[in-house]
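**Q** Attaching a single structure in structure tokens format; questions to follow.
The values are calculated or read from the model by the stated rules, or taken from the named source; none is laboratory data. Remember, predicted model here, so these are calculated numbers, not experimental data. Don't worry about glycine lacking a Cβ; one is built from the backbone with ideal geometry, like all the others, and counts go over all protein chains shown. Ligands, DNA and RNA are stripped out before the accessible areas are found, and what is left, the full protein with its side chains, is counted by its heavy atoms. Shrake-Rupley method; radii C 1.70, N 1.55, O 1.52, S 1.80 Å.
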Amino acid sequence: MKEISIYNSRGEIHTVLNGDDCAIQTTIENITEPWVEGNWFGKNKYVLNGEVLDRPENTATLSGLTLLNVPVPSTIQIGTQFYESTDSTVELEFNLPGTYKVKVISWPHMDKEFTVENPTP
């Protein structure tokens, strides 16, 4: 039994195929996306220049209502809203007081989530 992981241009592993050598060889000859040997799906890995690597930790930190050391570029998710960021420092603003879940998404870094308290004015 042989396994391969198929990935996209960003190095995101999205599919794992397994089968006998003949079946895998036939698949390899007919797919257009790159692949690596082994099952790497869902294991916090990505592919860079054909090499399987660990996804790096996200460097973002939270200080009050400010995200610091945010990888560039990133997407900041607040609830169901997404905001693109090209800055390593992000000032968070909320319309209402309350508790918010904020996620920093910056491939290939791991996602990082914060709980943010927006105080009553």
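**Q** Could you check the range 54-79 and list, in sequence order, the residues that are under 21 Å from SER9 (Cα atoms) and open to solvent by 60 Å² or more (accessible area, probe 1.4 Å)?
**A** Result: ASP54, GLU57, VAL72, PRO73.
**Q** Something else about it: For the structure I just gave you, tell me whether ALA23 is modelled with pLDDT under 95 and surrounded by 13 or more Cβ atoms within 10 Å (Cβ to Cβ).
**A** Details: modelled with pLDDT under 95: yes; surrounded by 13 or more Cβ atoms within 10 Å (Cβ to Cβ): yes.
The answer is yes for ALA23.
**Q** Just give me the residues in the range 61-101 being within 15 Å of the chain's Cα centre (by Cα), among the aliphatic types (A, V, I, L, M) and within 26 Å of PRO121 (Cα to Cα), in sequence order.
**A** Within the range 61-101, ILE76 is the sole residue that qualifies.
**Q** Same structure again: Have a look at GLU51, GLU12, GLU37, GLU3 and point out the one that is out of contact with any Cys (no Cβ under 8 Å at 6 or more places or on another chain) and loosely packed, with under 11 Cβ neighbours inside 10 Å. Spell out the reasoning first.
**A** Numbers: GLU12 fails: loosely packed, with under 11 Cβ neighbours inside 10 Å; GLU37 fails: loosely packed, with under 11 Cβ neighbours inside 10 Å; GLU3 fails: loosely packed, with under 11 Cβ neighbours inside 10 Å.
Selected residue: GLU51, the only one of GLU51, GLU12, GLU37, GLU3 that is out of contact with any Cys (no Cβ under 8 Å at 6 or more places or on another chain) and loosely packed, with under 11 Cβ neighbours inside 10 Å.
**Q** Hey, among ASN30, ASN8, ASN44, ASN39, which residue is of a type outside the set (Val, Ile, Thr) and either over 21 Å from the mean Cα position of the chain (by Cα) or modelled with pLDDT under 95 (or both)?
**A** Numbers: ASN8 fails: either over 21 Å from the mean Cα position of the chain (by Cα) or modelled with pLDDT under 95 (or both); ASN44 fails: either over 21 Å from the mean Cα position of the chain (by Cα) or modelled with pLDDT under 95 (or both); ASN39 fails: either over 21 Å from the mean Cα position of the chain (by Cα) or modelled with pLDDT under 95 (or both).
After applying the criteria, what remains is ASN30.
**Q** Additional query: For PHE82, work out the one condition from (1) at pLDDT 95 or above; (2) open to solvent by less than 60 Å² (accessible area, probe 1.4 Å); (3) of a type in the set (A, V, I, L, M, F, W, C) it doesn't fulfil.
**A** With (1) at pLDDT 95 or above; (2) open to solvent by less than 60 Å² (accessible area, probe 1.4 Å); (3) of a type in the set (A, V, I, L, M, F, W, C) applied to PHE82, the lone miss is (2).
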